[in-house]
Amino acid sequence: MQMQMQMGISSSLPPQNLHVFQARRASFMCRKSPPQPLVSSASSTDVTRRHLYNLEKLLQKTNQTDPEPEPVMKAPSNGLVRTNKGKGLLEGLNISRIWPEISAAEDMSPRHLNRLQRLLSMTMEYSPRNNLGSRWREYHGCNDWSGLLDPLDENLRREVVRYGEFVQAAYQAFHSNPSMSTDEAPLPRHVLLPERSYKVTKSLYATASVALPKWVDDVAPSLGWMTQQSSWIGFVAVCDDKREIQRMGRRDIVIALRGTATCMEWAENFRAQLVQISESYDSTQKVGRGFLSLHKTPGAHVPSLAESVVEEVQRLIEMYKGENLSITITGHSLGAALSLLVADEISSCVPQVPPIAVFSFGGPRVGNKGFVDRLNEKNIKVLRIVNNQDLITKVPGAFIGEGMKQQDEEQRNESFVSVFDMLETNNLQAYSHVGTELRVDIKMSPYLKPNADMACCHDLEAYLHLVDGFLSMDCPFRSNAKRSLVKLIHYQKSNVKQLYTHKALTLNLERRDSFSFPISGCLPSPSR
């Protein structure tokens with residue numbers, strides 16, 4: 001019996017530990033203890049202690065490059081059994097892959113090369129395309145986005161970034177061919193949309209009512225597009241994909257408008273006198289003269305922006321009569337200002353108009369409090385995405401005194417706001433903002449310099465970068481942001497922290513030239 005038990009146990013133990021068991025068994029037998037129970041109990045206790053001792057030694061090991069590692073097990077007659085040189089226990093187990101992320105700044109430091117490599121690549125990582133279904137009106141602003149902004153709802157973030165990329169498509173289409181002939185009607189224009197589920201149905205043009213003298217074109221003929229009165233400014237697109245319509249819960253009509261690009265548009269921007277809306281019988285409802293001019297003035301061969309939009313929206317509503325429809329107007333800078341006038345025009349001139357929402361990026365004030373009340377009465381929903389350092393969102397409306405020049409940026413911004421708030425409260429001749437605000441901040445981003453210049457603070461790509469990273473006011477930049485940094489580095493390289501511009505070159509040695517020329521086309525939606 002004892003012989004069989006010894007053979008069975010011997011076969012189950014590794015050869016190097018067999019002598020340990022035999023020594024222990026001999027000591028137990030000398031004390032005439034019952035063989036089976038006490039052998040099991042004593043050996044298990046001893047092995048457990050030995051394992052705990054070894055584990056403690058391994059966890060105390062702090063430097064994997066020590067010339068002489070600590071012993072992990074000491075056998076009575078066979079010397080030391082040491083750990084393998086190389087990676088420590090924690091690294092070997094790769095616990096860092098499942099360890100919770102501590103902070104966004106630490107997680108996205110250049111040491112995390114895998115994440116940075118993805119953000120510096122043209123390959124996008126997509127969030128799930130969630131079904132909006134019966135909640136589409138909520139995301140379209142029926143409740144003024146209540147409860148969706150802080151923290152920022154994942155679906156709303158995706159929608160905001162997606163509409164911002166429609167505006168990028170408008171910029172891209174304009175700069176690919178900015179000139180317009182004064183002798184003939186413009187040809188159809190190709191627009192590279194960020195969404196294949198939409199199709200462009202109409203090109204839109206804005207015309208300035210001011211003009212430069214003819215001799216300017218003679219002196220600088222190559223800059224003719226900068227002085228032309230009429231320019232392509234955006235487009236109308238409609239969703240025509242059945243699966244996307246089902247996902248969104250309705251068929252969406254998008255109107256996208258770019259920002260200021262020509263000298264004539266800049267000239268209209270500075271015509272800031274408040275004038276009465278032509279269609280309004282209320283003398284207290286006023287908007288900026290320059291914005292109204294670009295909205296209402298027809299060109300030599302193109303209709304006015306107002307006329308084009310109303311005509312196309314009426315056509316699309318009639319075409320898709322009986323379906324759930326929505327109208328989404330989006331724009332940046334000047335386009336954000338014109339978006340409000342377009343929304344007002346559609347709600348005034350289109351019968352049985354679908355729900356209208358405006359998503360504006362870096363938009364200035366457009367009208368006075370009377371104009372704000374006019375839009376609210378028409379139930380036009382406006383979500384203004386505002387960068388805290390963007391001065392364009394604080395004009396027009398007041399002048400800065402000489403004493404304010406010595407103040408730092410934050411103090412000047414606070415002074416702007418306090419002056420505007422006072423004027424809005426006490427004077428109907430003052431400009432006023434409209435809608436719900438989603439405020440972001442350059443200082444939220446771990447990639448951008450906190451003292452970024454004015455161009456960066458107003459840049460559309462910087463806006464989309466901040467929105468895609470925004471989580472809440474308490475945690476302003478999420479660690480799993482998905483938007484690529486390639487375009488941001490290309491357009492705002494001087495405002496991106498040097499750690500990341502240097503690391504961009506390190507991680508993209510085979511594509512160094514990709515940062516030396518404009519990137520064609522629009523990237524897919526980072527939150528899709």
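Below, the figures for the structure above:
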read-out: Packing rank of 194-205, 224-235, 178-189, where each peptide gets the mean count of other beta carbons within 10 Å, highest leading; value: 224-235, 194-205, 178-189
read-out: Computed accessible area, THR501, all protein chains, 1.4 angstrom probe, square angstrom; value: 10 Å²
read-out: Rg in Å to one decimal, and Dmax rounded to a whole Å, for segment 253-368 via C-alpha atoms; value: 14.2, 44
read-out: Extended-chain gain in nm, criterion 0.36 nm per residue less alpha-carbon gap, SER209 and ASN388; value: 61.2 nm
read-out: Å² of accessible area per residue within segment 285-377, as computed with a 1.4 Å probe and no ligands counted; value: 31 Å²
read-out: Rounded percent of accessible protein surface that carbon and sulfur make up, segment 259-339, 1.4 Å probe; value: 53 percent
read-out: Between segment 447-505 and segment 315-347, the alpha-carbon center distance in angstrom; value: 30 Å
read-out: Length released on extending from GLU244 to GLN273, taking residue separation times 0.36 nm less the Cα-Cα span; value: 6.1 nm
read-out: Packing-based order for 461-467, 286-292, 491-497, using average beta carbon neighbours within 10 Å, highest first; value: 461-467, 286-292, 491-497
read-out: Cα gyration tensor, segment 127-264 - rounded (a/c under 1.5), prolate or oblate; value: prolate
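The values are calculated or read from the model by the stated rules, or taken from the named source; none is laboratory data. Keep in mind the model is a prediction, meaning the values are calculated, not measured. Note that we place each Cβ from the backbone using ideal geometry, even for glycine, and neighbour counts take in every protein chain shown. Areas reflect the complete protein model, heavy atoms only, side chains present, ligands, DNA and RNA absent. Shrake-Rupley method; radii C 1.70, N 1.55, O 1.52, S 1.80 Å.
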